[in-house]
1. Once both labels are modelled 7 Å past Cα along the beta-carbon direction, what's the GLU233-GLN95 spacing in nm?
2. Express in whole angstrom the spacing between the alpha-carbon centres of segment 144-164 and segment 95-110.
3. Quick one: what does P(r) look like for segment 59-183 with 10 Å bins over all Cα pairs, in whole %?
4. Want the number for GLU223 to THR36: 0.36 nm per residue separation, take away the alpha-carbon distance, what's left?
5. Determine one quarter of the surface area of the Cα convex hull of segment 41-86, which equals its mean projected area, and express it in nm² to one decimal.
6. Rank-order 232-243, 210-221 by packing density, defined as the average count of other C-beta atoms within 10 Å over each peptide's residues, highest first.
7. What ranking do 7-14, 53-60 get when scored by the average of other Cβ atoms within 10 Å per residue, highest first?
8. Please give the calculated 222 nm ellipticity per residue for the chain, where each DSSP H segment of at least 4 residues contributes -39500 (n - 2.57) and the sum is spread over every residue; nearest 500 deg cm²/dmol?
Amino acid sequence: MRHFVGLRHIQKERLQHLIDVACEYRRQVAEGQDLTHVLSGRAVALMFVEASTRTRFSFEMACNRLGAHPLAFNAASSSTTKGETLLDTARVLRQVGADVIVVRHKCVGAPQQLAQTLGLPIVSAGDGTNEHPTQALLDLVTLHDHFSTFKGLRVGVVGDVRHSRVARSLCFGLKKLGADVVVAGPGPLCTPDLTALGATHQHKLDDVIGQVDALMMLRIQRERLGGSMLASEAEYRTFWGLTEARSAQMQDHAIVLHPAPMNRGVEIDDVVADGPRSVIFDQMKNGVFARMAVLNDVMGQS
Ligand code: CP
């Protein structure tokens, strides 16, 4: 049984294959090809127990493009509000006919737990502060579009690294594919655990900005921050925000990514988010193709 619950242990060949499949699906969709035969008759439960816009809708669109039925799940009106466990809810989805469960949950390890116990392919749509592997896949597709190779690529990951499942999965993926990763963020938000994975740690954004081919600006996760971790958003912007002036210090060819949703005027200014270096809205578009590749992969069709 194939799962897709993280990039920590994924084989490089599988990751590279998923990038290739996502790019191929994008080409086929652009040509107007009908791909609804690929997962025709399959049912995909979208079990989002934490808020989402991009991930949820792109999985739904990925299902539609491949001919699978997305089974919507509304946590607020589900029996989880009556105390049903995650595992029992997942068992319900299996019993009513889901072929795969896509799960987003605030608890670290929730997708891994389901993968070990449920007997159904599990795809992580993000678990707490741990991993967000399909986000990393779409980030890798976007980087591949611009640089063709990961060997020697230098990517900065800046901001709230500590709480970022995006940073963790991207770091795993980039290191596997041969890229260099530099992480930076305010002391309490930039724990050095990613350096154990081979990332370099810098203490100032200004020491990163001119050195990288791509800069991933992370979202300040207000929902996961305790009151003492951030003095003020204005101060954060002063030291860690990607302003127009800082963007001008980047190498000419360098690009800017952000997983979104963005805190405009905090970690990134409007003029940069909407400017010529930004590939943020390309990332969102690539999310559909990345998720098509993953659904196809776990359902054994690749
Ligand atoms: N980047 C991301 O995961 O966005 P959503 O929370 O909207 O899914």
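1. With each label point 7 Å from Cα toward Cβ, the separation is 4.5 nm.
2. Centre-to-centre (Cα) distance: 28 Å.
3. Percent of pairs per bin, in order: 12, 36, 31, 18, 4, 0.
4. Working: separation 187, 0.36 × 187 = 67.32 nm, distance 3.78 nm.
Result: 63.5 nm gained on full extension.
5. Values: hull surface 13.8 nm².
Quarter of the Cα hull surface area: 3.4 nm².
6. Details: 232-243: 16.2, 210-221: 21.6.
In decreasing order of mean packing, 232-243, 210-221 become 210-221, 232-243.
7. Details: 7-14: 13.8, 53-60: 19.0.
Per-residue Cβ counts within 10 Å, averaged per peptide and sorted highest first, yield 53-60, 7-14.
8. On the way: 10 runs with 113 residues, N = 302.
Computed mean residue ellipticity for the chain: -11500 deg cm²/dmol.
Quick note: the coordinates plus some simple rules give every number you see, no bench work behind them. Please read all numbers here as calculations on a predicted model, not as lab measurements. All Cβ positions, glycine included, derive from the backbone under ideal geometry; neighbour counts span all protein chains shown.
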